[in-house]
Amino acid sequence: MDTILILDYGSQYTQLIARRIRELGVYTEIVPGDAALKLPEGTKGVILSGSPCSVYEEGAPAPDPAVYKLSVPVLGICYGAQRMMHDHGGRVAALPEREYGRRPVLVSVKDPLFEGVGSSFMSWMSHGDSIEQLAPGFSVLASTDNGIPAAVLHSGGTMRGVQFHPEVTHCEHGTTILENFAIRICGCVKSWTMDRYIEEEGAAIRARVGNAPVLLLISGGVDSTVAGALLLKTLPPQQVHLMYIDTGLMRKSESEEVMRILGALGAKHLHRIDAEADFLRPLAGVTEPEKKRHIIGDAFITVQEREVLRLGLGEYFLAQGTLYTDLIESGKGVGKKAHVIKSHHNVRSPLVEQKRTEGRIVEPLDRLYKDEVRALGLKLGIGEDVVRRHPFPGPGLGVRVLGEVTKEKCDILRDADDVYIRELKTRGLYDKIWQAFCVLLPVRSVGVAGDVRTYGWTIVMRAVASSDGMTADVYEFSMKDLREISAAITNKVKAVGRVVYDVSSKPPATIEWE
Ligand code: XMP
């Protein structure tokens, strides 16, 4: 398949470059920018990403020099363009003032990169350095209104660089510029479709697993549900075992819903494990968030191991709904390491590690981004309401019942959350919000209902706008919606006496409360 290879130098926009080009129908792969160059089969072009570094800094990441000798076209974006210039003898220096945001660009030379763009457009810049002197062999294709080279071309015809960010939606004609590079310049054929993915991935899974059983742990989230659907489409249903652990920390009716969806997709071996006691018992009396997370993580491992053993599947393969972004975050792609704010137990379990060592892991979604997983889910017959579900953390209500977790508190939270989410859906707000949920505070307050004194629990409504969960902004409800939803919760859930709205962004807060 025609592929654009992206060499990553750590820019916050690298993923965006990959996604934008995939949206055009061309497959992309991201690899560490400073590794020895190895072109995947079908590579028709290479992009050098941006970076938080400066090319003249000691230890700044640089490409394998073989990149500059390729016969396929190469496009440097921001740092990528400056790198190209620096490595060919040009000069890159700090700008007197860093340049962020919109900047007019004037196109001075006709080039396929700017086909359909016109003679000027509004670009998006994000840099502190700039090309000060071109390297020999390079010429300017376009400049900013303050005279800085915005796009350059090498006389060999294969190397181009842009100092702006065409991948950012605020960049006018950005998509056209990326399409011009991938299609016109590299000659890629648009062949990245979900139909093709189902075919290719299906064939690869069949070849890999043969007749061996495949076990998938289902969480109820979009990823594992779509992974299950793909396995059921690819393999005879008798070969596919789906295991769902009901932790007692799930949302209202969630377990029944998961069973219904997978049953409708043709699952024959659907194992629902009622493990509420395995989770709630060790959580009794524990209030410290990280301790709670570890207890829940450990309980998952214990229950998983016990139940998998009970199934007695022999030499089976373990399937996981790992996404492309998960691989990158875990260091297999770019190798970036994030600071641990919260322990996500569901990333690595000993069972997964053991199966990985044995070479018996199947990850049917590991080349996909979240939006592609949603599109794949729809293709496989999973409903809109399921693929558009907001993210739900592995530890479930365990991190939304603040302080000690008890069944009673989980029940109150389940009821309140159910009212909240239903209200959002009825009001047409659910799909406008990235993630919405209720939190139960360990705080009671005095109220009055029908002339009687009440002493009820406090529910927090949380709703955030985000694109990846890394940062988040508060969703701005109208006061009318807030008041009406609050009233619906207190009217329907007796134990709740007060509702508050969380107006903190991330940072400094996080999306979940624990
Ligand atoms: P925070 O609370 O860290 O959450 O801002 C960012 C996103 O991650 C989800 N989250 C989790 N997801 N296992 C998960 O699979 C976890 O342990 C976990 N903790 C938080 C959270 O719901 C939000 O979408």
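The values are calculated or read from the model by the stated rules, or taken from the named source; none is laboratory data. All figures in this text were calculated on a predicted structure; none of them were measured in a lab. Positions of Cβ are generated from backbone atoms using ideal geometry, with glycine treated the same way; all protein chains shown enter the neighbour counts.
Out of segment 419-440, which residues are out of contact with any helix residue (DSSP H, G or I) (no Cβ under 9 Å at 6 or more places or on another chain) and within 16 Å of the ligand (Cβ to nearest atom)? The answer is TRP434, GLN435.
Count of segment 96-119 residues, restricted to those that are in a strand (DSSP E or B), touching a strand residue (DSSP E or B) at 6+ places or on another chain (Cβ under 8 Å) and acidic (Asp, Glu), is 1. Looking across segment 486-514, the residues that are over 30 Å from LEU16 (Cα atoms) and in a loop (DSSP other than H, G, I, E, B) come down to VAL493, LYS494, ALA495. For segment 120-149, residues that are among the aliphatic types (A, V, I, L, M), part of a strand (DSSP E or B), surrounded by fewer than 20 Cβ atoms within 10 Å (Cβ to Cβ) and over 30 Å from the mean Cα position of the chain (by Cα) total 1. You will find that of ILE177, ILE218, the residue that is β-branched (Val, Ile, Thr) and under 21 Å from the mean Cα position of the chain (by Cα) is ILE218 and no other.
Given the structure, is ALA93 within 21 Å of PRO52 (Cβ to Cβ), modelled with pLDDT of 95 or more and surrounded by 20 or more Cβ atoms within 10 Å (Cβ to Cβ)? No.
In segment 467-485 there is no residue matching the filter, namely being within 16 Å of the ligand (Cβ to nearest atom) and part of a helix (DSSP H, G or I).
Among the residues of segment 234-278, those identified as hydrophobic (A, V, I, L, M, F, W, C) and closer than 30 Å to GLU199 by Cβ are LEU235, VAL240, LEU242, MET243, VAL258, MET259, ILE261, LEU262, ALA264, LEU265, ALA267, LEU270.
The set of residues in segment 189-218 that are touching a Gly at 6+ places or on another chain (Cβ under 6 Å) and more than 24 Å from VAL308 (Cα to Cα) comprises LYS190, TRP192. When GLY331, GLY312, GLY321 are screened for being more than 21 Å from ALA204 (Cα to Cα), modelled with pLDDT under 95 and either assigned by TED's automatic domain parsing to the domain that holds ILE361 or among the charged types (D, E, K, R) (or both), only GLY331 passes.
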